[in-house]
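Remarks on the structure that follows.
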Amino acid sequence: MPTPSTCPMVIPAALVPYIPLPRLELLSGSRMRGAECVWGGERLTGKTAIDLGKHTDNGFNWFPRACLRCTRGAVRAARDNHADRCTACEGPSAMCDTGRSLHNLLNALADEKNEAIRASQ
């Protein structure tokens, strides 16, 4: 199984629409093409970047990527916002498929962080 240091995480395409991204017109070229974290602006490498998929806005294709810390925050916000608006989500024990997928993704990102910490020791 690839480790986080050799295989960057990719956010499942079905969940990407639930994770709000900054407005395209506010981003630098480096953030639009994925060289820097779309949220925090940290420089990214192939080992540190989390792929947020291809996006098309007004016919313009862009490829945002993010650091682990910012992705965890954005996915946590997406999960919490989804649960607040979804009538099928009634708490941790009764989530819809999307809510459960966002929750599982957040757990996977926490595992990724823990693995990176262990690898650096």
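The values are calculated or read from the model by the stated rules, or taken from the named source; none is laboratory data. What you see is a predicted model; the values in this text were computed from it and never measured. Don't worry about glycine lacking a Cβ; one is built from the backbone with ideal geometry, like all the others, and counts go over all protein chains shown. Surface areas here come from the heavy atoms of the whole protein model, side chains and all, with no ligands, DNA or RNA. Shrake-Rupley method; radii C 1.70, N 1.55, O 1.52, S 1.80 Å.
Some notes on this structure:
- You will find that of A119, A110, A83, the residue that is modelled with pLDDT of 80 or more, in a helix (DSSP H, G or I) and under 15 Å from M9 (Cβ atoms) is A110 and no other.
- Enumeration of residues in region 90-104 that are over 27 Å from L26 (Cα atoms) and at pLDDT 85 or above: M95, C96, D97, T98, G99, R100, S101, H103, N104
- Being in a helix (DSSP H, G or I), of a type outside the set (V, I, T), under 13 Å from the mean Cα position of the chain (by Cα) and modelled with pLDDT of 90 or more is a property that P17 has.
- Only one of the numbered conditions (1) open to solvent by 50 Å² or more (accessible area, probe 1.4 Å); (2) part of a helix (DSSP H, G or I); (3) over 17 Å from A14 (Cα atoms) is violated by N104, and that is (3).
- Whichever residue in region 43-67 is open to solvent by 30 Å² or more (accessible area, probe 1.4 Å) and either touching a Gly at 6+ places or on another chain (Cβ under 8 Å) or modelled with pLDDT of 95 or more (or both) and, among such residues, is nearest to E25 (Cα to Cα): F63
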